[in-house]
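**Student:** First the structure, which I've put down as structure tokens, then a few questions once you've had a look.
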Amino acid sequence: VQLLESGGGLVQTGGSLRLSCVDSGKTSGSGAVMGWFRQAPGKQRELVATISSGGHITYGDFVKGRFTISRINEKSTVYLQMNNLEPADTAVYFCIVNFLNEVSWGQGIQVTVSS
């Protein structure tokens, strides 16, 4: 599994970003769960959202309808559409793939929301 994340950056409060993650190992279309975690400075890593190959979705409690996760199994790609961003969303966002209970992590991508 090799995960390549893109789409992060700097945005103002209320703005939007779309994160993408491609699994170049192509395991994601075969029953793997894909998703996103994030880690803010001085805080623990937390769940943002996950999606199974069958489309079952779990969101972190803080999402409150602002983020949408999706995936294209044929492209081994997962997306995270983030709307109405807040400074509290500033963090490094990590793509994950959970395949047969083995979790792989991307290197992380910075998202910064300015007030």
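**Student:** If we keep just the residues of the range 72-96 that are hydrophobic (A, V, I, L, M, F, W, C) and free of Cβ contacts under 8 Å to residues at least 60 places away in the same chain, which is surrounded by the most Cβ atoms within 10 Å (Cβ to Cβ)?
**Tutor:** The initial filter retains those residues of the range 72-96 that are hydrophobic (A, V, I, L, M, F, W, C), namely 72, 78, 80, 82, 85, 88, 91-92, 94-96.
Now restrict to residues that are free of Cβ contacts under 8 Å to residues at least 60 places away in the same chain: 72, 78, 88, 91-92.
On the way: ILE72: 12, VAL78: 29, ALA88: 10, ALA91: 22, VAL92: 19.
Ranking the qualifying residues of the range 72-96, first place goes to VAL78.
**Student:** While we're on this one: Would you mention how many residues in the range 97-115 are farther than 27 Å from LYS26 by Cα and either open to solvent by 60 Å² or more (accessible area, probe 1.4 Å) or of a type outside the set (A, V, I, L, M, F, W, C) (or both)? Show your work before the answer.
**Tutor:** Step one: list which residues in the range 97-115 are farther than 27 Å from LYS26 by Cα, which gives 112-115.
Next cut, either open to solvent by 60 Å² or more (accessible area, probe 1.4 Å) or of a type outside the set (A, V, I, L, M, F, W, C) (or both) only: 112, 114-115.
Residues that pass the stated criteria total 3.
**Student:** While we're here: Out of curiosity, is ALA40 open to solvent by 30 Å² or more (accessible area, probe 1.4 Å), under 30 Å from SER115 (Cβ atoms) and over 10 Å from the mean Cα position of the chain (by Cα)?
**Tutor:** When the stated conditions are applied, ALA40 does not pass them.
**Student:** Only one residue in VAL78, VAL92, VAL103, VAL97 is more than 17 Å from GLY15 (Cβ to Cβ), in contact with a Lys or Arg (Cβ under 6 Å, 6 or more places away or on another chain) and not in a loop (DSSP other than H, G, I, E, B), so which one is that?
**Tutor:** Values: VAL92 fails: in contact with a Lys or Arg (Cβ under 6 Å, 6 or more places away or on another chain); VAL103 fails: in contact with a Lys or Arg (Cβ under 6 Å, 6 or more places away or on another chain); VAL97 fails: in contact with a Lys or Arg (Cβ under 6 Å, 6 or more places away or on another chain).
Result of the check over VAL78, VAL92, VAL103, VAL97: VAL78.
The values are calculated or read from the model by the stated rules, or taken from the named source; none is laboratory data. Not measured: the values here are computed from a predicted model. Cβ: placed from backbone, ideal geometry, glycine included. Neighbour counts: every protein chain shown. Ligands, DNA and RNA are excluded from the accessible area calculation, which covers all protein heavy atoms including side chains. Shrake-Rupley method; radii C 1.70, N 1.55, O 1.52, S 1.80 Å.
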